[in-house]
Amino acid sequence: MSIIAVYNIKGGVGKTAASVNLAYLSAQQRGKTLLLDMDPQGSASYYFRIRSPEKFGAKKLLKGGRHIEENIRGTDYPGLDMLPADFSYRNIDIALDETKKSHKRLRKILQPLHEEYDRIILDCPPNLTLLSENIIEAADILVCPVVPTTLSLIALEQLLKLFDKLDADRDKIIAFFSMVERRKSMHLTTMAKYSRYSLFLKTYIPFLAEIEKMGILRQPVGATARQSSAARQHEKLWQEVLQRSE
């Protein structure tokens, strides 16, 4: 089992769209996949039309075991399950602070799922907290969407500094440019400057209507517009993520 976290400390960079599409592609390639929605806003859960189970929240999530297994839900897509988010996740750092070895708690509760799933994909909220340390500790690969703008690159630098502070392995971070608008010269210039670094994948995700429509159609782009540029780019992105993870 591998754990793939889609994470950036900055919001609005396309994390959830990437998580949903990568999880869908993982399952399509016959890899039993669990998508874990960790964002209290529950956007990934919304895309898959799955509500948080009653009496489930941050504290039960961190207990693990049957509390997780009983609340996993199937999606409309074979091989793809989901553990939906709950609004109580907004207080997950408080709950984590009350546990032993709190920076390793997330990996510990996910480990028993290795017999059931080939991959677990985490849709992570934007933050820089104790949960961030858990995400870094738990992930085998951390996929960071980066909009080609100054503030988004600063957020990436802060994430790299956090890795250093935690003495974590930088090799498990990979980044890709997201929400790219090729008509913007700043986007093109930024991509040309940073794409030469091995941290960045070759594939980028454009700013496209098909991706925006996910909020209306509530499906991955591969399920609604398989021949679209958005679907093809996500397929390329998934293949690169797999290659790096190996």
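The values are calculated or read from the model by the stated rules, or taken from the named source; none is laboratory data. Every value quoted in this text rests on a predicted model; they were computed, and no experiment measured them. Because the Cβ atoms are built from the backbone with ideal geometry, glycine has one as well, and the counts that use them run over all protein chains shown. When the accessible area is computed, the model is the full protein with side chains, heavy atoms only, and any ligands, DNA or RNA have been set aside. Shrake-Rupley method; radii C 1.70, N 1.55, O 1.52, S 1.80 Å.
Straight-distance candidates among the aspartates and glutamates for linking to K55, with alpha-carbon spacing under 16 Å and chain neighbours fewer than 8 residues away dropped: E69, E70, D86. Rolling a 1.4 angstrom probe over the protein heavy atoms with all chains in place gives the chain an accessible area of 49 Å² per residue. Using only side-chain charges placed at the Cβ, +1 for Lys and Arg and -1 for Asp and Glu, the dipole size of the chain relative to its Cα centre rounds to 380 debye. Taking a sphere under 11 Å around the Cβ of F56 and counting the other residues whose Cβ falls inside, with K and R at +1 and D and E at -1, yields a net charge of +3. For segment 1-151, the spread of Cα positions along the three principal axes, ordered from largest to smallest, is 44, 38, 27 Å. From most to least packed by mean Cβ count within 10 Å, the peptides 31-38, 72-79 give 31-38, 72-79. Annotation note: GluC sites (Glu not before Pro) in segment 34-99 located in DSSP loop regions with a Cβ neighbour count of at most 12 within 10 Å are E54, E70, E98.
The label-point distance for K104 and R90, in a model that sets each label 7 Å from Cα toward Cβ, rounds to 3.3 nm.
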